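*Asks:* Next up is a structure, given as structure tokens.
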Amino acid sequence: MTEYEVLVETINPCGGLKHAKKDFLEVETASPEAWVAEHGQYPVMDTGKTPDGDVVITTGDGKGNLVRYTFTA
């Protein structure tokens, strides 16, 4: 299991990224994807990595509501 600091950005269609609600969590998991699938509010839409190697997972409801998780080891 790896310990991650997770930035959770909740983005609604009206406010966009500029007005996203941001929270930080400490998470211990073997798989960021599995953690989001278990604990996330919406289904996973996209998974990627930043140039620094952070895992970025985007979830959404298909109507403009998004939650983006950035896992930093």
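*Asks:* For segment 33-73, report the translational diffusion coefficient in µm²/s to the nearest whole number, using Stokes-Einstein at 25 °C, 0.890 mPa s, and a Kirkwood Rh over Cα pairs.
*Replies:* Stokes-Einstein gives a translational diffusion coefficient of 235 µm²/s.
*Asks:* Might you work out the accessible area of LYS22 for me, using a 1.4 Å probe with all protein chains in place, and round it to the nearest 10 Å²?
*Replies:* Accessible area of LYS22: about 120 Å².
*Asks:* Rank PRO13, PRO32, PRO51 by mean-square fluctuation in a GNM of the chain with C-alpha springs under 10 angstrom and give only the top-ranked residue.
*Replies:* PRO51
*Asks:* Related question: Over the C-alpha atoms of the chain, what are the Rg and the largest Cα-to-Cα span, Dmax, in Å?
*Replies:* Radius of gyration, then largest Cα-Cα span, for the chain: 11.8, 37 Å.
*Asks:* Let me ask something additional. At R0 = 25 Å, how high is the FRET efficiency between LEU25 and LYS63 if r is their beta carbon distance? Nearest 0.05 is fine.
*Replies:* With a Förster radius of 25 Å, E is 0.50.
*Asks:* Expressed as a rounded percentage, what relative contact order does the chain have, with Cα pairs under 8 Å and six or more residues apart?
*Replies:* After rounding, I find 37 percent.
*Asks:* Considering only protein heavy atoms and a 1.4 Å probe, what is the carbon-and-sulfur percentage of the accessible area of the chain?
*Replies:* Accessible surface attributable to carbon and sulfur in the chain totals 51 percent.
The values are calculated or read from the model by the stated rules, or taken from the named source; none is laboratory data. Computed from a prediction, not measured in an experiment: that's the story for all the values here. No Cβ is skipped: glycine too gets one built from the backbone with ideal geometry, and neighbour counts run over all protein chains shown. The protein model used for the area step is the full one, side chains on, heavy atoms only, and it has no ligands, DNA or RNA in it. Shrake-Rupley method; radii C 1.70, N 1.55, O 1.52, S 1.80 Å.
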